[in-house]
Structure formats: structure tokens, C-alpha cells
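Report on the structure given below.
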Amino acid sequence: MWNELVPYLLPYFRVLQYDTRGHGKSEVTEGSYTIAMLGQDVIDLLDSLHIEKVYFCGLSMGGLIGQYLGIHHPGRLHKLILSNTNSKIGTTEGWNERIDLLEKEGMAAIVDGTMQKWFTEAFHKTNPSRVAEMTNIFSANNITGYTGCCSAIGAADFREDIKNISVETLVITGDADEVTNVAQAENMQATIPNAQLKVFKARHLPSTELPTYYAETLINFIVGEDTFDRGMHVRRTVLGNSHVDRANGNKNEFNTDFQEFISHYAWGEIWTRPGLPKHQRSLITLAMLIPLNRKPEFQMHVRAAFNNGVTIEEIKEVILQSGIYCGLPAANEAMHSAEEVFKEFGIAY
């Protein structure tokens, strides 16, 4: 569901996607599920990955999971995005009828109607291959897992509890969403303290219909709309807070313009481009710095490379490659410089 968004988000964040219990490659457990169970799955996942806090974005049932996290685990969230959801989606009776139908006739009984609710007619006409792909994915759902989640949705009711959500929240819906409509989204925004509302020209899956615009909305909400703010965010994720704080602490009348230029142009306009992931940008930057023989800058980007998921083995290969095209003396200096950083970090190699 989220694949189109990821390239736009990767310059700013590490992105964690997961299959909900009973879906995809996640475990299928028997019986009815609850939103509390699915919410605890998220907490367990974060704990297992040693991730303390996240920006959580959930759509439809994922939005119910997000509400649960906002109510019961606010300390694990930086900000919360609730997309195309409601504090009470449908009725328990309606979801039970859906479960009965699925158990008798399978996913084929609801797939066409679901695709009509998910996407506008215009999207069906202009993106038939994507609709077909989503149809196949939906049809492949495990009945046990899917009906278990239907039970969770049918039983969930956060209408009284969402007023206790304390984290900054963005509510999203589509102007043609028949499942979770604009009026419901407006009510959620009014009930949740410190909540904003964004309405897309879409149905139930604006993240798929309008991925570029959707990603931009998330970045605006989480990071900010200003190029300088975006640049500072990326600069901190790559170089680390301590480095950026030192640079800002050393600003004076002479160098302030240059420091702001770096954040605005290098980090706000180039490093934020979705064309290359930060991992590749780190490798390219290291390769270009080797022939320039700028040791402090090279070592700074060796440190930064680890924040972008670059391995020691990859750094070694970049230096070896540079020995052919940049010259052995430059590569030799880079090898020694990299080793100094490894020792600084206490990394065995």
C-alpha cells in the first residue's frame, strides 16, 4: 500500500513497513483479533528493533491502531497521522455480516466492491494496472486473518477516548471516501486536542491515488514546509545532533550566512531529493571527497555514512575503487583516515 511513498520519505526518515497480523507474511492466529492486540504488536515490533519513538501513520484499520497507540502509548510517538479512519468505523452488526459472507463465499465476494470504495473512477481509468495489482493483493488475503481483523474493527470504539490523545495529530481523508467521510474526519479533528485536518481529492486510499501529494503532506506535517527546516532535519539525521549543534554553536557574524547556505541548499535542496537514497548519497560523497583530499570532511562523512546504513565493507570497496581512478596516494590517505574513524568509534575491522 505504501510503496509509492517510500522514495519521497527516505531522504528524511527510516521507514518501517510491516504486515498486520493475519496479513502478508505476518503470523496468522486463530480467533477474533482486537485493536489492543494489533496495537501491542506494534509496540512489540518497536521493542524488538530497539526503536524508542516513531512518527506513526495508519490508514483505515491502521488508523484505529494509531488511535490506540495515541491513547495508551503516547510516549512512543513523536507525532500521529490518522488517515481515512474514524473513532468508530461502521457497526458491529455490519462487520459480523461481512465475516459471515467471507466465510461462506471467500474474498471474491467483496473484492470488486472494495476496489470501488478504495479508488475513484478516474483512478480506475488512468491506473488500471495498479488497481489490478491491488485487487490481486486483496484477493490473496488469508480468510482467517482478514476476518480476525474485521472483528477487531467491529468491536473498536474510541469515540470517548480520542479526546485523551496528547500527541500532535494529523487527520487525513478523501473528499469522496464513502467508508470514512469528511464529516467523520472533521469530528475527529475537533475532538482530538492539537489536531489538524487534510482532505484529499480521493477515496479511501489517497496514499495510493496521490502518493506524491500524500508524501509531501506527511513531510510538511512532520518536518515543516520551509526548505531550511527540511535541510536542518536531514542534516541532523545524517551528521548527528552533536555535530550540527557544534556547528550552530560556532556561528558568528562572519560564518552565519555560510552555515545557513549549507543547510538550505546542500541539505534542503539536494540531500532531500528522492532520486537517490541516503545510503547511495553517502557512498557517492565519500568517493568524490577522496581525490579532493579533504580529510576532516571525508572523516565527517565516514561517521555520517554509518547513520545512513553504510557498512565498513562498502567503505573499503569505495576506497579500493578510488585507488584505480583517483590514484593510490589519495586512496591510501582515505584508508588511513577511515581507520581513524573506526578506532574512534571502537569498531573492530
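The values are calculated or read from the model by the stated rules, or taken from the named source; none is laboratory data. From a predicted model like this one, the values you see are computed outputs, not experimental measurements. Methodologically, a virtual Cβ is constructed for each residue, glycine included, from the backbone with ideal geometry; neighbour enumeration extends over all protein chains shown.
Is it the case that the stretch 209-227 has a residue that's charged (D, E, K, R), over 30 Å from residue 282 (Cα atoms) and touching a residue at least 60 places away in the same chain (Cβ under 8 Å)?
Scanning the stretch 209-227, I find at least one residue that is charged (D, E, K, R), over 30 Å from residue 282 (Cα atoms) and touching a residue at least 60 places away in the same chain (Cβ under 8 Å), so the answer is yes.
Listed residues 75, 62; which is of a type outside the set (Phe, Trp, Tyr), under 19 Å from residue 167 (Cα atoms), surrounded by 16 or more Cβ atoms within 10 Å (Cβ to Cβ) and without any contact (Cβ under 8 Å) to a residue 60 or more places away in the chain? Even if it seems obvious, please write down each step before you answer.
Numbers: 75 fails: surrounded by 16 or more Cβ atoms within 10 Å (Cβ to Cβ).
After applying the criteria, what remains is 62.
Quick check on the stretch 168-205: of everything there that is modelled with pLDDT under 95 and within 24 Å of residue 154 (Cα to Cα), which residue is surrounded by the most Cβ atoms within 10 Å (Cβ to Cβ)?
Among those residues, the one meeting the criterion is 179.
Picking from 30, 97, 52, which residue would you name as being farther than 25 Å from residue 144 by Cβ and of a type in the set (Asp, Glu)?
Values: 30 fails: farther than 25 Å from residue 144 by Cβ; 97 fails: farther than 25 Å from residue 144 by Cβ.
Result: 52 is the single residue among 30, 97, 52 that is farther than 25 Å from residue 144 by Cβ and of a type in the set (Asp, Glu).
Just to be sure I understand, how many residues within the stretch 12-39 are in contact (Cβ under 8 Å) with a residue 24 or more places away in the chain, within 15 Å of residue 55 (Cα to Cα) and either assigned to a loop (DSSP other than H, G, I, E, B) or among the acidic types (Asp, Glu) (or both)?
Residues that pass the stated criteria total 4.
Looking at (1) farther than 28 Å from residue 338 by Cβ; (2) crowded, with 21+ Cβ neighbours inside 10 Å, can you tell me which one residue 305 breaks?
Residue 305 satisfies all of (1) farther than 28 Å from residue 338 by Cβ; (2) crowded, with 21+ Cβ neighbours inside 10 Å except (1).
What number goes with the only condition from (1) out of contact with any His (no Cβ under 9 Å at 6 or more places or on another chain); (2) within 29 Å of residue 125 (Cβ to Cβ) that residue 188 does not pass?
The number of the failed condition is (2).
Residue 204: touching a residue at least 40 places away in the same chain (Cβ under 8 Å), outside the structural domain of residue 82 (by TED's automatic domain parsing) and not in a strand (DSSP E or B), yes or no?
Judged against the criteria, residue 204 is not a match.
Which residue pairs have Cβ atoms closer than 7 Å, lie 6 or more positions apart in sequence or on different chains, and pair a first residue in the stretch 136-154 that is within 14 Å of residue 88 (Cα to Cα) with a second residue that is part of a helix (DSSP H, G or I) and among the β-branched types (Val, Ile, Thr)?
150/99; 151/99; 152/35; 154/92
Answer yes or no as to whether residue 208 is surrounded by 14 or more Cβ atoms within 10 Å (Cβ to Cβ), closer than 30 Å to residue 159 by Cα and among the polar types (S, T, N, Q).
In short, yes.
Looking at the stretch 293-309, is at least one residue touching a Cys at 6+ places or on another chain (Cβ under 9 Å) and touching a residue at least 24 places away in the same chain (Cβ under 8 Å)? Lay out the reasoning, then the answer.
Start the filter on the stretch 293-309 by keeping residues that are touching a Cys at 6+ places or on another chain (Cβ under 9 Å), which leaves none.
No, because not a single residue in the stretch 293-309 is touching a Cys at 6+ places or on another chain (Cβ under 9 Å) and touching a residue at least 24 places away in the same chain (Cβ under 8 Å).
So, residue 122, is that one loosely packed, with under 15 Cβ neighbours inside 10 Å, touching a helix residue (DSSP H, G or I) at 6+ places or on another chain (Cβ under 6 Å), at pLDDT 95 or above and not acidic (Asp, Glu) or not?
Answer is no for this residue.
May I ask you to list the residues in the stretch 31-59 that are touching a Pro at 6+ places or on another chain (Cβ under 9 Å) and surrounded by fewer than 17 Cβ atoms within 10 Å (Cβ to Cβ)? Give the derivation first.
Taking the stretch 31-59 as the starting set, the residues that turn out to be touching a Pro at 6+ places or on another chain (Cβ under 9 Å) are 59.
Scanning the stretch 31-59 gives no hits.
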